[in-house]
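Following: one structure in structure tokens, then a few remarks.
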Amino acid sequence: MKKIAILNGPNLDRLGKREPEIYGSATLADLEQALRAEFGGKATLEFFQSNHEGALIDKIAALVDAKFDGVVINGGAFTHTSVALRDALLGAHLPTVEVHISNIYKREDFRHKSLTAPACLAVISGLGLEGYHAAVRFLLLPGTKA
Ligand code: CA2
């Protein structure tokens, strides 16, 4: 079974608790439950959220060492600011899909630039939590390679 990690960055622990008009009313725990319900028998899923840039970078390195097969990352605001997160993803050589719950191109200009997207196979933005499902589905396709 493929091993897929779902990484969430800063403030995404608040999902479902604030700003439901942008991010919806489901929590991160709801997302985990829904992904496990869809993919539990088909993949080993690991979930990780941190508000700290270094913790996310350490986690990416640990996923490489543990021979994970794919990563779904919503880097939150670090998407737009973090050269370090981009370097970690580039160095990992893992098939990675970047997910944003909201459509970052309909929002403020500073959200239109993703520093991490060039280190990813694909970007999904604006599908709500369905974006995470689509990302895992894509990573589980037999032909998906870094
Ligand atoms: O649309 C996304 O998924 C974002 O990655 C979310 C980030 C934002 O900085 C990106 O530009 C787009 C913000 C995450 C904050 O999440 C919250 C969730 C619920 C309540 C408050 C914040």
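The values are calculated or read from the model by the stated rules, or taken from the named source; none is laboratory data. From a predicted model like this one, the values you see are computed outputs, not experimental measurements. A quick note on method: Cβ atoms are made from the backbone with ideal geometry, for glycine too, and the neighbour counts reach across all protein chains shown. For accessibility, only protein heavy atoms count, side chains too; no ligands or nucleic acids. Shrake-Rupley method; radii C 1.70, N 1.55, O 1.52, S 1.80 Å.
Worth pointing out:
- Placing +1 on the Cβ of every Lys and Arg and -1 on the Cβ of every Asp and Glu, with nothing else charged, gives the range 15-143 a dipole about its Cα centre of roughly 140 debye.
- When you work out D = kT/(6 pi eta Rh) for the range 1-74 at 20 °C and 1.002 mPa s, using the Kirkwood radius from C-alpha pairs as Rh and the Stokes-Einstein form, the result is 164 µm²/s.
- Estimated FRET transfer efficiency when R0 is 30 angstrom, pair residue 110-residue 130 (beta carbons, to 0.05): 0.75
- Segment residue 81-residue 13, length gained on full extension (0.36 nm per residue, minus Cα span): 22.6 nm
- Among 131, 16, 75, residue whose mean-square fluctuation peaks in a GNM of the chain (springs only between Cα atoms under 10 Å): 16
- P(r), alpha carbons of the range 1-128 - 5 Å bins starting at zero, rounded %: 2, 11, 21, 25, 21, 14, 5, 1, 0
- Cα-based Lys pair tally, the chain, threshold under 26 Å, eight or more apart or on separate chains: 18
- The chain - percent relative contact order, Cα under 8 Å, separation 6 or more: 26 percent
- Ligands, DNA and RNA left out, the 1.4 Å accessible surface of the range 2-140 is 54% carbon and sulfur atoms.
- Across the range 1-67, C-alpha contacts under 8 Å between residues 6 or more apart give a mean separation that, scaled by the residue count, equals a relative contact order of 46 percent.
- Its Cα gyration tensor gives the range 72-123 an equivalent ellipsoid, and the semi-axes of that ellipsoid, as √(5λ) in whole Å with the largest first, are 19, 12, 8.
- A Gaussian network model of the chain, with springs between Cα atoms under 10 Å, assigns the largest mean-square fluctuation among 99, 64, 123 to 64.
- Rolling a 1.4 angstrom probe over the protein heavy atoms with all chains in place gives the range 1-101 an accessible area of 46 Å² per residue.
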